[in-house]
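The values are calculated or read from the model by the stated rules, or taken from the named source; none is laboratory data. These numbers come from a predicted model, not from an experiment. Note that we place each Cβ from the backbone using ideal geometry, even for glycine, and neighbour counts take in every protein chain shown.
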Amino acid sequence: MTPAEWSRLEDIVFVLGLPHAVQITLNVEKTPTLGSVIPQFELFMTSLEELGKATPSLKEITDVGILWATKYYSRMDNSRAYAVAMFINPTTRFSWIEKHWGSVYIRKTKAMLIKMMNDYRACYPLPQASAMAKPASVHNDQMYRVAKRLNLASMLDLDTPVLQVETPTTVEEEFDTYTRTLSLRDTDMIKFWDVTEHQKMFPTIYRIALDYNYIPMQASAVPCERVFSSASETDTKCRNKLNPNLFEVLQILKFAHWCERLNFMADLLTPEESMVVDTRDAVDGVEDVDGLNGLMGTDPNLGEEAFNRALAAICVD
């Protein structure tokens, strides 16, 4: 290859590093969810556009990447799962859509969410008790790491004041209350909805979260293949008439049992107190030096006396 061809190849590798950064971040995440797909996909597309503008020599390559990314991005419009999963993410809620989407898409998405909430409200009435919202205690800064790596952290500046209000009564009030608040950027979505106060604060959105919040999304096909392999071990020829609901329960129970059995670190963590060695014991108000350092003393010239003291200590019954 000529030097010019090598240089062009290096340019292609550099551009491919942008989607690779997003893929790596999704792969290493312990519980990646569907709600982070669109924000990170848009971060990747924006980084390509900015790179093409800043470096004209790479624009031909970035244009090809944007073309293919737009093709796949348009397929997401055929499913409402992406927008719903992003909506129930307490770190984005509706702010990402309002900031980065067009007015037409904002109106369509809001109408879709309100209709979905009304459908869920018809199936799940409001609870009697009300509660105050509390911030989640477990955090996760996966999306921020991607944005920072792509030098697009400003796209995540969605912070609004965190409010504490009573449980809303109508769907519109619940939607407005939920979208007016915003959790900390590194709040973990799964742990957020595990908090009882949040479940009571946004009961309808919580029901939606039960269906959409736990949709896993992996950038690699390996975890998916593991799920199918595990399912094939349950749905054998001798059990080919299992009810779908029972099959789901069995898979969840098996996964929980598997996680519990293979927790090799359980009960093996040494408390910090056990690792602290106190070499001095106080007896009758006088500190008595204990241990080998105490027997040997601090004076290097007292070798024979120190040896006799050590020997006497060893021979004591």
Here are 81, 85, 69: which of them is assigned by TED's automatic domain parsing to the domain that holds residue 9, touching a strand residue (DSSP E or B) at 6+ places or on another chain (Cβ under 8 Å) and of a type in the set (Gly, Ala, Ser)? 85
Tell me, which residue of region 40-57 that is over 18 Å from residue 149 (Cβ atoms) and touching a residue at least 12 places away in the same chain (Cβ under 8 Å) is surrounded by the most Cβ atoms within 10 Å (Cβ to Cβ)? 52
Residues of region 5-28 satisfying the condition of being acidic (Asp, Glu) and either touching a residue at least 24 places away in the same chain (Cβ under 8 Å) or closer than 15 Å to residue 151 by Cβ (or both): 11
Condition first: of a type outside the set (S, T, N, Q), modelled with pLDDT under 85 and closer than 18 Å to residue 83 by Cα. Now tell me which residues in region 207-234 satisfy that. 211, 212, 214, 215, 216, 217
Which of the residues spanning region 74-121 are of a type in the set (A, V, I, L, M, F, W, C) and under 21 Å from the mean Cα position of the chain (by Cα)? 81, 83, 84, 85, 86, 87, 88, 94, 96, 97
Total residues in region 97-116, condition of a type in the set (A, V, I, L, M, F, W, C) and more than 15 Å from residue 175 (Cα to Cα): 2
Which of the residues belonging to region 72-96 are modelled with pLDDT of 85 or more and charged (D, E, K, R)? 80, 93
So which pairs qualify, if the first residue must be in region 225-247 and within 18 Å of residue 258 (Cβ to Cβ), the second must be among the aromatic types (Phe, Trp, Tyr) and assigned to a helix (DSSP H, G or I), the Cβ gap must be under 8 Å, and the two must be at least 6 apart or on different chains? 230/255; 231/247; 234/247; 235/247
Residue 93 vs. criteria of a type in the set (D, E, K, R), on the phi > 0 side of the Ramachandran plot and assigned by TED's automatic domain parsing to the domain that holds residue 172: yes
